[in-house]
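Q: One structure, as structure tokens, below. Some questions next.
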Amino acid sequence: MKIAIPVDDKSIETSVCISFGRTPYFLIYDTETKESIFLDNSASASQGGSGIKAAQTVVDNHVEALLTPRCGENAAEVIKAADIRIYKSITGFANDNINAFIEGKLSLLKEIHAGFHHHGGK
Amino acid sequence: MKVAVLSGKGGTGKTLVSVNLAAVAKNSTYIDCDVEEPNGYLFFKPEDVQEEEIEVKIPTIDDKLCNGCRKCVDFCKYNALAYIKDKPIVFEEVCHSCGGCILVCPEKALSEKEKFIGKIQEGTSDQVTVNTGIMNTGEASGIPIIKKLLKQNRFEKDRPTFIDCPPGSACIVMESIKDADYCILVAEPTLFGVHNLNMVYELVRLFGKPYGIVLNKCMDEENPAEKFCLEKGIKILSKIPFDNELGSLNSSAQIAARESNKYDTMFSSLLQTVIKEVRCETATSP
């Protein structure tokens, strides 16, 4: 099963990025092959609608789960339309989250925020 | 004469200045372009209000015609389109109505549909024509509403028009001041106020508009906004005192110039200064 995590760096020791839509990279991890790949998030520099574009990247990589600290409503709509489950990531590094996910310790993300449209991190 | 009243931040007194100027000008037009939160009508309480809905065109997709090429998704700079489970989806509130996706679709799977984004109202208060733009909550841009508000046929040559702009210096403000003959910048006596004043100061210079400043909420202490004007050599049109009576009238949605002779005199004098400035500008740079 493939999972996606927004991350700050292109390394397995990276921290999870606090933003989904504007994360610099996505880590795509395959729980069977234990392979990780890092994708540039082309949406990070978007003027608007970055959540939608970032979600498209996640969908196009055929993942089954997204691990993220938070997610806006437009991004969530895209992710859910593609039947991808969104889990709330825990504080710590990407590999802590991968392990927690494999052990079934992550819960589904409940709070979907209304987005930060034009308001910069309000 | 079209006078735009603007400021870099909210709450500096744009509405106070534009409403009172329109009121003392008597036979005038007031246009509230702050479509996200219009409030001039609260003061004017206009009568005989006529309403018009404002619509924009957004794409609608015929899934049967779509071949999945994603040209529309790639084209959209606002990321208003996504392609999920073999069909495109449109995020209507993100769409800026540019129409590009419809043009780039090789299969003609996209076409236009109408979407209401707000309304404009026109009423009268004494001899003042009061126009208000109201945008529906959550819409991407109020510019189509402002365009409609500022349509040329709304202006009569000898009737002064006062445009109450949205706060800030973004596209929506540019649209509001585009056709103005003169800009009044309203500023607060704080460092934060100066920072925001500088933003609109740069904007009106970029647009080559003649401008002057109204210093609002003036106290006896040092005024950083006044210092800014002196340093830059900017014309100060008026100083409005930070005064309890004015604040009370304003916060109870009364038009100060209609309630008290003192404020009628103050805003009439500002109006005369502005008229003189505009005449001078049209004489020197027609």
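Q: Keeping to the range A:32-57, report how many residues are of a type in the set (D, E, K, R) and within 14 Å of chain B (Cβ to nearest Cβ).
A: Here is the first cut: in the range A:32-57, the ones of a type in the set (D, E, K, R) are A:32, A:34-35, A:40, A:53.
Still in the list and also within 14 Å of chain B (Cβ to nearest Cβ): A:53.
Total satisfying the criteria: 1.
Q: Restricting attention to the range B:263-284, which residues are touching a residue at least 12 places away in the same chain (Cβ under 8 Å), farther than 17 Å from B:Thr15 by Cβ and either aromatic (Phe, Trp, Tyr) or loosely packed, with under 15 Cβ neighbours inside 10 Å (or both)?
A: If the condition is that a residue be touching a residue at least 12 places away in the same chain (Cβ under 8 Å), farther than 17 Å from B:Thr15 by Cβ and either aromatic (Phe, Trp, Tyr) or loosely packed, with under 15 Cβ neighbours inside 10 Å (or both), then B:Ser269, B:Thr282 are the ones that fit.
Q: Enumerate the pairs (first residue in the range B:34-47 and more than 16 Å from B:Asp126 (Cβ to Cβ); second residue anywhere and of a type in the set (Ser, Thr, Tyr) and outside any loop (DSSP other than H, G, I, E, B)) with beta-carbon separation below 7 Å, excluding pairs fewer than 6 apart on the same chain, so at least 6 apart or on different chains.
A: Qualifying pairs under 7 Å: B:Pro38/B:Thr132; B:Asn39/B:Thr15.
Q: Working carefully through the options B:Ser252, B:Ser260, find the one that is closer than 22 Å to B:Gly10 by Cα, assigned by TED's automatic domain parsing to the domain that holds B:Gly13 and free of Cβ contacts under 8 Å to residues at least 24 places away in the same chain.
A: Answer to the check: B:Ser252.
Q: Separate question: May I ask you to list the residues in the range B:69-92 that are more than 7 Å from every other protein chain (Cβ to nearest Cβ), under 22 Å from A:Glu73 (Cβ atoms) and open to solvent by 70 Å² or more (accessible area, probe 1.4 Å)?
A: Hit for the range B:69-92 is B:Lys87, nothing else.
Q: Could we say that A:Ser42 is more than 16 Å from A:Met1 (Cα to Cα), touching a Lys or Arg at 6+ places or on another chain (Cβ under 9 Å), surrounded by fewer than 17 Cβ atoms within 10 Å (Cβ to Cβ) and of a type in the set (Ser, Thr, Tyr) here?
A: So A:Ser42 fits the description; yes.
Q: On to the next question. Could you check the range B:93-122 and list, in sequence order, the residues that are within 14 Å of chain A (Cβ to nearest Cβ), touching a residue at least 40 places away in the same chain (Cβ under 8 Å) and at negative phi?
A: Answer for the range B:93-122, where residues must be within 14 Å of chain A (Cβ to nearest Cβ), touching a residue at least 40 places away in the same chain (Cβ under 8 Å) and at negative phi: B:Glu93, B:Val94, B:Cys95, B:His96, B:Cys101.
Q: Ok, one more. Could you tell me whether A:Ala65 is within 14 Å of another protein chain (Cβ to nearest Cβ) and either open to solvent by 30 Å² or more (accessible area, probe 1.4 Å) or of a type in the set (Gly, Ala, Ser) (or both)?
A: No: the conditions fail for A:Ala65.
Q: Is the range B:26-48 home to any residue that is among the β-branched types (Val, Ile, Thr), over 30 Å from B:Leu237 (Cβ atoms), at pLDDT 95 or above and out of contact with any Ser or Thr (no Cβ under 6 Å at 6 or more places or on another chain)?
A: Looking through the range B:26-48, none of the residues is among the β-branched types (Val, Ile, Thr), over 30 Å from B:Leu237 (Cβ atoms), at pLDDT 95 or above and out of contact with any Ser or Thr (no Cβ under 6 Å at 6 or more places or on another chain).
Q: For residues that are free of Cβ contacts under 8 Å to residues at least 40 places away in the same chain, surrounded by 14 or more Cβ atoms within 10 Å (Cβ to Cβ) and not hydrophobic (A, V, I, L, M, F, W, C), tally how many sit in the range B:210-224. Reasoning before the result, please.
A: Looking only at the range B:210-224, we keep the residues that are free of Cβ contacts under 8 Å to residues at least 40 places away in the same chain, and these are B:211, B:213, B:215, B:218-224.
Imposing the further condition that a residue be surrounded by 14 or more Cβ atoms within 10 Å (Cβ to Cβ) reduces the set to B:211, B:213, B:215, B:218, B:223-224.
Adding the requirement that they be not hydrophobic (A, V, I, L, M, F, W, C) leaves B:211, B:223-224.
Qualifying residue count, the range B:210-224: 3.
Q: In the range B:7-22, which residue that is open to solvent by 10 Å² or more (accessible area, probe 1.4 Å) and modelled with pLDDT of 95 or more is nearest to B:Leu215 (Cα to Cα)?
A: B:Gly13
Q: So is B:Glu53 more than 14 Å from chain A (Cβ to nearest Cβ), open to solvent by 80 Å² or more (accessible area, probe 1.4 Å) and farther than 26 Å from B:Pro38 by Cβ or not?
A: Working: more than 14 Å from chain A (Cβ to nearest Cβ): yes; open to solvent by 80 Å² or more (accessible area, probe 1.4 Å): yes; farther than 26 Å from B:Pro38 by Cβ: no.
No; evaluated as a whole, the condition is false for this residue.
The values are calculated or read from the model by the stated rules, or taken from the named source; none is laboratory data. Everything numeric in this text was worked out from a predicted model, so none of it was measured. Positions of Cβ are generated from backbone atoms using ideal geometry, with glycine treated the same way; all protein chains shown enter the neighbour counts. In case anyone asks, the SASA skips ligands and DNA or RNA and just uses the protein heavy atoms, side chains included. Shrake-Rupley method; radii C 1.70, N 1.55, O 1.52, S 1.80 Å.
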